[in-house]
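The values are calculated or read from the model by the stated rules, or taken from the named source; none is laboratory data. Note that the structure is predicted; figures quoted are calculated from it, not measured. Positions of Cβ are backbone-derived with ideal geometry, glycine not excepted, and every protein chain shown enters the neighbour counts.
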Amino acid sequence: MERTLVIVKPDGVQRGLTGEIISRFERRGLRMAAMKLMQIPLELAQQLYAVHKGKHFYEGLIQYITSSPVVVMVLEGKDAIEIVRRTMGATNPAQAAPGTIRADLALETGRNLVHGSDSLETAKYEVPLFFNDDEILSYPRDTDRWIFE
């Protein structure tokens, strides 16, 4: 099973969309392995978005992600990263496919509600930023046999 980091960003929490966003991932069949509500400190935000340092949007991104609480979670399942990415939709909500979180619920790239790891390498970097191994649970669900082959 693959694991990925997902963050319901400040706009998702402030707009009361956390439950809807989580339920979309759960309805796809992904399993919740860890979750917490937190305020991301500056240093952690800088680590999370280090890949964007020097880009024109970096400072605004850091200010935004640290501005309000977020819900951080680890989801797992077969091809979890790809499933999360497709469920979220394109970074720019105007270009996101109908039925995705961003197409249905967001209007601007800078307020696109949710972050998800974009590759296995990124997930392996991001997950430990937020969770220790003992905070991540892997468990069987009775429904797994109806979701995974």
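Within the range 53-79, residues that are on the phi > 0 side of the Ramachandran plot and of a type outside the set (S, T, Y) have Cβ atoms under 8 Å from residues that are surrounded by 13 or more Cβ atoms within 10 Å (Cβ to Cβ) and in a loop (DSSP other than H, G, I, E, B) in these pairs: G77/M1; G77/G29; G77/L30, counting only partners at least 6 apart in sequence or on another chain. Cβ-Cβ distances below 7 Å connect the following pairs, each with a first residue in the range 5-19 that is under 17 Å from E108 (Cβ atoms), a second residue that is assigned to a helix (DSSP H, G or I) and at pLDDT 95 or above, and a separation of six or more residues or different chains: V8/T18; V8/I21; K9/I65; P10/Y64; P10/I65; G12/T18; G12/I21; L17/L105.
Annotation: of all residues in the range 30-53 being assigned to a loop (DSSP other than H, G, I, E, B) and touching a Ser or Thr at 6+ places or on another chain (Cβ under 8 Å), the one that is surrounded by the fewest Cβ atoms within 10 Å (Cβ to Cβ) is P41. When you scan the range 100-118, do you find a residue that is without any contact (Cβ under 8 Å) to a residue 12 or more places away in the chain and exposed (fewer than 14 other Cβ atoms within 10 Å of the Cβ), even just one? No, that holds for no residue. Among the residues making up the range 1-29, those that are in contact with a helix residue (DSSP H, G or I) (Cβ under 8 Å, 6 or more places away or on another chain), part of a helix (DSSP H, G or I) and of a type in the set (K, R) are R24, R28.
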